[in-house]
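In what follows, a structure is listed as structure tokens, so that the remarks can point back to it.
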Amino acid sequence: MKAYHSQIGPFQRSKNKTSSMMFHVVLALLPIIIFSFYKNGIVPYIHHNVGIFGMFYPLLFIAIPPVITFTTEWVGAYFFLRKKSDNLKEYMKNSYAILPGLFLALILPIHTPISILILGSIIATVIGKLVYGGFGNNIFNPALVGRLFVITAYAGVIASHGGYLNPYEVDTISKATPLSNALSIEGIGTYEILVKPYGSLWNFFIGMIPGTVGETSALLCIVGFLYLTWKRVIKWRIPVFYIGTVFFLTTVIGLSNGLSIWYPIFQILSGGLFFGAIFMATDPVTSPVTKNGQIIYGTGLGILTVIFRYLTSYPEGVLTSILTMNMLVFIVDRLGMQCKKRENGLITIAVILILFGIVVYTINTRYTNSGETVDPNFVLLEERQIGNQVIYTVSEKGNGGPIACEVTIRDGNIIKLQVLEHNETPNYYALVEKEDYINILMKEQKKLPELDTVSGATISSNALKKLVINTLQEYEEHYEK
Amino acid sequence: MKGIKLVQNKEMSKDRFTIYNKPKNIYIPLIVGNDIDITILVKKGDYVCKGEVVARRKGFLTIPLHSSISGTVVGFEEQLHHSGKYVKCIKIENDFKERTIEKQEEKPISKYSKQEFIEIIKNAGIIGMGGAGFPTYIKYQTEQNIKTLIVNAVECEPYITADYTIGIQKAEEILETIDAILEINRIQNAVIAIKKNNSKLLQAFQTRIGTYVNIKIVEVPNLYPIGWEKALVQFITRNTYDKLPIEIGIVVNNISTIYAIYQALKKGVPLTERIVTITGEMLKQPTNVLVKIGTPIHEVIEAIGGMKRTKDILCIAGGPMMGITLPNDNVIVTADMNAIVILKEKEDFLEQTCMRCGKCVEVCPSRIEPVLIKDSYENKEALLKLQVNKCVECGLCSYICPAKIKVREYVKKAKETLRKDE
């Protein structure tokens, strides 16, 4: 009797391939890369801010990390994972090592020095991927791990190289990213303060605003989203619920502060939300597999981002939210399974709605209607009156803790401003000192709300600014009436 | 409705039909469904008529097995069953006389009581011919009120056209039988489920349905696995059940089973033959064949023209989705085997790392999480929460997987883990 081979079915398979899915992702990123070349290369060249090398620099910037992540993975797989020759080749073929590098390039500011870029790529591969056992096993999005490292360790360096602004943007905008601008102002802001400096919301939509290399264009991200959803590559529920949640919450916050529809649109178009939601949060390895889990995950990301934006001193929040939710994927999937039962689903929806309520309430109590703020970080330590002078010892929360100052006021004017104690990162604080911000504050004390913060040392300089504003307010309340 | 549109490949055997009724020997496998606890009622040297009971399954689901020819019992042999196992069979040598026990008279098929009806289909050895092999009479032997009879003519597996063939040929008889079943069992109505792209089969029924007011034809989408009982019931009634459709007053019968019931009611003939689709691109002439139960398939394959080649092929019992490969084509026809598919052997896919894209979760018609089951297929505690036993092994998770992981096999192993030390 003839013997046939045995195989395991099904004997009909779909055409899906991991490699083609990854290819589609790269294809969806292509317009974003081209746009980045335009915005960070061609436009500065036209404005004569950079030479011919500078024009092509963005392409180099985007090309380096993938090469580094690929090489690192190759070496790492050889030593850490102990893959040998054939095995190694097979592993490299299926580990898509260039993608974390590509993503990393797109979520860093163009002024990141190349050395830091390379270091970040290595960290992304080693800490983000290899220590977990390589592709498919990592808990955190490798590119975000790399970025977290770069931003925490080298923010000052990046800022001193120019931060998030392009040379031509420095001329016209002279402020940092829209959200760090939003954080630096008092109250919730107005269209004139939040959007006007950057032109219009149209600029936000197409991406002609300061930001990282690839995150600014919501339009191209949406194009990528539609393409990847059509090709069934990404978990579409995550970005839809993520952006939807941010939109909903900021609409409510905006409306309760008398701001119309432009406000939530400004919020969703800022801070690289579209890029993060569509490309980073949907990384298959580090996101939930259950359908309900993906909905919960997206909603959770939305809530976290809003919390980060309004209630912490970190203006962006998208990438931090994703890293935070990465940790919870296992639990979210569990929850997603439970939610197949109707009653559990309803309970989850109720919990989410309650969370929405808490978040909106907390944020609204902080930002009052008039635009004035009761600043919880401002502390009046001491108040002395000597003749017609009032000497305040006050503190305001900075980046590294409270900044304590002595402020002397006479006839409503600050005549002396002295920093007594601070714990700011030296790199940042050096920028404050370099710009002689203390003297600027004294000079401009009548028009403080409009005063710019120090680019690259936003948090420290803003704390000083707030400190002065609050002290003047304190003086007004007790001595001017 | 969840499901996937598959490449059908049904054209090669569609509307092709032949009869093979001259096996030299037949082998009655002593197995029903998965159960091999069967009493043998004949011994070597006995002469048996066509339709004579030669064995009987024991226990609650008792059902007789019949000889499909007249001839002499020459012994007992192990033969290949379509489950891939070797099973003890009763070997009967054909005398080609087709002698029956008694001359059967034709009767009007609706003139039976419910009890008589159940006795008849039980004695005729009728089991579900769609693949489950569950005794049909059990479905009717219920205290519960049956509201609807669903006749499953969906046949959603690619390649297979056996149900299609019987539907085209016997539409009249099938309608008559459904009507009789409704009357005997006091069932309100019946639904015949046919794929909407199967226009010829739809037409065969639509042109004849005129006077049968209680029978309705429902077109179902061309999706796999909508022919699966639970999916079909849900599609038609918008209602779901836990274990058996009777919980919500539904009985589902395969269209081939209905024809077997017709033969039993009308002529008193037990289930001794069926249509098997023998197809696949490695056959010279794919076709549907009416064969006697117990016939070795390789004889039939020879009779219809043979294979294009005998090397580097896969011989699959059942369809390409749920079927399994057989070590050779000497497999014995049983009532619940609907197809043999001969395919070109391709290199097996290399399994790559799972990147957790969630496609298997997305596609699963049982709404379980194959990837999570795969993660902990040896961890009994974790598996209990994952509702592993809801899996119908339709194979869509393996079908869809971009990393070419045989996800279904992990789920099967998980079921094994749960079964262990129970």
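All of the numbers you see were taken from the coordinates with simple rules; none came from a lab. As the structure is a computational prediction, the values presented were derived from the model and not from experiment. Because the Cβ atoms are built from the backbone with ideal geometry, glycine has one as well, and the counts that use them run over all protein chains shown.
Quick look at the numbers
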read-out	value
Trypsin sites (Lys or Arg not before Pro) restricted to segment B:175-204 and DSSP loop, no more than 13 other C-beta within 10 Å	B:186, B:196
Within chain A, helix-based [θ] at 222 nm, where runs of 4 or more DSSP H residues each add -39,500 (n - 2.57), nearest 500	-17500 deg cm²/dmol
Rounded to the nearest 20 debye, dipole of the protein assembly as shown from Cβ charges on Lys, Arg, Asp, Glu	3400 debye
Qualifying aspartates and glutamates (Cα of each under 14 Å from Cα of residue B:415; at least 8 residues distant if same chain)	B:369, B:375, B:378, B:381, B:393
Karplus-derived HN-Hα couplings along segment A:212-229 (A = 6.51, B = -1.76, C = 1.60, θ = phi - 60°), whole Hz, x at Gly and Pro	6, 4, x, 8, 7, 8, 5, 4, 5, 5, 5, 4, x, 4, 4, 4, 6, 6
Tail beyond 26 Å, pair distance distribution of segment B:306-422 (Cα, percent)	32 percent
Proximal charge balance of residue B:79 [Cβ under 15 Å; K/R count +1, D/E count -1]	0
Cut-off 11 Å between beta-carbons: net charge of the residues surrounding residue B:180, Lys and Arg +1, Asp and Glu -1	-1
Interatomic Cα distance distribution for segment B:381-422, bins of 5 angstrom, percent	6, 23, 30, 21, 14, 5, 2
Loop-located trypsin sites (Lys or Arg not before Pro) in segment B:233-294, at most 16 other Cβ atoms within 10 Å (DSSP)	B:238, B:243, B:284
Fewest-first ranking of A:161, A:111, using other Cβ atoms within 10 Å as the exposure measure	A:161, A:111
Shielding of B:394-402 by partner chains, average beta-carbon count, 10 Å	5
Local net charge near residue A:225, Cβ-Cβ under 15 Å (Lys/Arg +1, Asp/Glu -1)	+2
Cβ neighbours within 10 Å from other chains - mean over B:345-355	5
Sorted peptide list for B:79-91, A:309-321, criterion being average Cβ within 10 angstrom, highest first	A:309-321, B:79-91
Built amide H within the under 5 Å cut-off of residue B:19, gap 5+	B:290
Loop trypsin sites (Lys or Arg not before Pro), segment B:332-422 (other Cβ atoms within 10 Å of the site Cβ: 16 or fewer; DSSP)	B:346, B:367, B:420
Partner lysines for residue B:292 [C-alpha distance under 16 Å; skip if fewer than 8 residues away on the same chain]	B:22, B:24, B:50, B:91, B:97
In sequence order, calculated HN-Hα J values of segment A:331-341 (Karplus, 6.51, -1.76, 1.60; Hz; x Gly/Pro)	5, 4, 5, 4, 4, x, 5, 4, 6, 5, 6
Residues with amide H under 5 Å from that of residue B:190, placed H, sequence gap 5 or more	B:149, B:215, B:216
All lysines inside 27 Å of residue A:83 as judged from Cα atoms, apart from same-chain residues fewer than 8 positions distant	A:17, A:93, A:129, B:374, B:404, B:406
Cβ-based exposure ranking for B:201, A:27, A:472, in which fewest neighbours within 10 Å come first	A:27, A:472, B:201
Translational diffusion of the protein assembly as shown, µm² s⁻¹ [Kirkwood Rh, Cα pairs; Stokes-Einstein; 25 °C; 0.890 mPa s]	75 µm²/s
In Hz, Karplus ³J(HN,Hα) per residue of segment A:105-114 (6.51, -1.76, 1.60; θ = phi - 60°; x = Gly, Pro)	4, 6, 10, 10, x, 4, 8, 4, x, 4
Theoretical ellipticity at 222 nm over chain B - DSSP helices of four or more residues, -39500 (n - 2.57) apiece, nearest 500	-7500 deg cm²/dmol
Isolated Cys residues of chain B, judged by Cβ distance under 4.7 Å to other cysteines	B:49, B:89, B:156, B:315, B:354, B:357, B:364, B:391, B:394, B:401
Residues A:421, A:383, B:369 arranged by fewest to most Cβ contacts within 10 Å	A:421, A:383, B:369
Hydrodynamic radius of segment A:379-480 per Kirkwood, over alpha carbon pairs, in Å	13.6 Å
Sequence-distant residues sharing a close amide H with residue A:383 (under 5 Å, placed H)	A:393
